[in-house]
Amino acid sequence: MIEHIILYAVTRIILCILTLFKDLRMRKETRDHKHGPPYSTYQESRLEPTTVNMNDVNRDYYGAAQQSFVAASSYQWTPFMQGLSMSQSSKDMNIVANKLWSIIQAHKLQRFYDPPKYQAVLQKLSSINFPDIAVRWNISRDLAYNLASLALYDIVFFCDDSGSMLFEENGKRIDDLKFILSKVSDIATLFDDDGISVRFMNSNVTGDGIRNAGDVQKLISQVRFSGNTPLGTNFDRKVIQPLILGKARSNVAMAKPVLAILITDGEPVGESSDKIIQVIKEAKNSLESTPYGSGAFAIQIGQVGRDVKTQKFLESLDRDPTVGGMIDCTSYYEMEDEEFSRNGIALTPDLWLLKLCVGAIDPEYDAKDE
């Protein structure tokens, strides 16, 4: 009996010492990693892990009076460690966690991501092989982390299927469209099994649950490229009203904010040039009257084809004082490369596609071509 008591006492002492040691180590790590601004350059750099204090997450969502989801100490993502792959680490997760939390704060997405939902997203991401993504996209591992922000959004493509897509540049613009859809659907499916949704400007063909290049090829084969470019009119009719405002105003909760990516090769035809600004502004104002706010809707507009007038049109949208903050515009690769070169940044095709994916939701990217 006495031996059992002694053994129990010794065990408790050892556990107390280990707990004290762990606490001291965590305090030291937190002190050593007081962080500066998040990763903000396309060029590869050395990243130090930072910690997201889950009290701050709770406070931002629930208010200062309610902080009951986690303990008072800084959260080091230890609940996720058991589920991580061998290539994953707490450093990886801290980088990803800080990136996602900065986006949630920037776009006021706490309505979608309370602490439990935020942690669920991180748990999903803990199984993602970011080094593999870096290889597949020909980007640095540091940049691959930025794609994780797509996990916060439902992705809807609105694609130009006007006649110029077929007749200009011997159909290369359609090939570019297929490439973009294939690449983005593949990466989006890593973060969300639902894949992406696709709507077309003129055709009534629709695609939901698009997950790979095969799905894209099958979808595009059903589309007849013809007609004008009613960019704003049909974006409102086919995307904004049914997929965003319709859900935001209904009794069915929006599961995620929506990232709409518009791919076009020309200026609007068949409507006023400011129609797209008008419908985006109206959508923004309408969302402000819902519990979700205007952050529930982000817009990326990407150009295929070398049309200079289209580039100038997209630049005017990007800098518009009323809606410019909601959208990001990415010109044709070679044109965009010139913009980045002025800032001393070498833009590769893969980085161009990366910006197309996250430019509207990650403020650091939009600033690069201003």
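Values quoted throughout were computed directly from the atomic coordinates according to the rules given, and no laboratory measurement underlies them. Remember, it's a predicted structure, so these values are computed and weren't measured experimentally. Quick reminder, even Gly has a Cβ in these numbers, built from the backbone with ideal geometry, and neighbours come from all protein chains shown.
Ordering ARG136, ARG111 by the number of other Cβ atoms within 10 Å of each residue's own Cβ, fewest first, gives ARG136, ARG111. The label point for ASP193 and the one for ILE345, both projected 7 Å from the Cα toward the Cβ, are 3.6 nm apart.
Each other residue within a Cβ distance under 11 Å of ASP193 adds +1 if Lys or Arg and -1 if Asp or Glu, for a net charge of 0.
Ranked by the mean number of other Cβ atoms within 10 Å of their residues, highest first, the peptides 246-253, 100-107, 221-228 come out as 100-107, 221-228, 246-253. The phi-based Karplus calculation (6.51 cos²θ - 1.76 cosθ + 1.60; θ = phi - 60°) puts the 3J(HN,Hα) values of the stretch 200-213 at 10, 5, 10, 6, 8, 5, 10, x, 10, x, 7, 10, 7, 4 Hz, whole numbers, x for Gly and Pro. Shown for ASP307, ASP328: other C-beta atoms within 10 Å of each C-beta, ranked fewest to most, produce the order ASP307, ASP328. Taking amide hydrogens as placed 1.01 Å from N in the peptide plane, the amide H of CYS329 sits under 5 Å from those of ILE301, each at least 5 positions away in sequence or on another chain. The phi torsions of the stretch 326-337, fed into the Karplus equation with coefficients 6.51, -1.76 and 1.60 and a -60° offset, translate into couplings of 8, 10, 9, 10, 10, 6, 3, 3, 5, 6, 5, 4 Hz, rounded to whole numbers, with Gly and Pro shown as x. In this structure the amide hydrogen of PHE158, modeled in the peptide plane, comes within under 5 Å of the amide hydrogens of ARG199, ILE261, LEU262, ILE263, none closer than 5 places in sequence on its chain. Ranked by how many other Cβ atoms sit within 10 Å of their own Cβ, fewest first, the residues VAL308, VAL216, VAL121 fall in the order VAL308, VAL121, VAL216. Indicate the gyration tensor shape class of the stretch 264-370 (rounded, prolate or oblate), computed on the Cα atoms with a ≥ b ≥ c the square roots of the eigenvalues: a/c under 1.5 is rounded; otherwise a/b larger than b/c is prolate and the rest oblate. In terms of gyration-tensor shape, oblate. The lysines whose alpha-carbon is closer than 25 Å to the alpha-carbon of LYS218, local same-chain residues fewer than 8 away aside, are LYS172, LYS178, LYS183, LYS238.
Applied to the stretch 113-119, the Karplus parametrisation 6.51 cos²θ - 1.76 cosθ + 1.60 on θ = phi - 60° returns per-residue 3J(HN,Hα) values of 10, 6, x, x, 5, 4, 5 Hz, with x for Gly and Pro.
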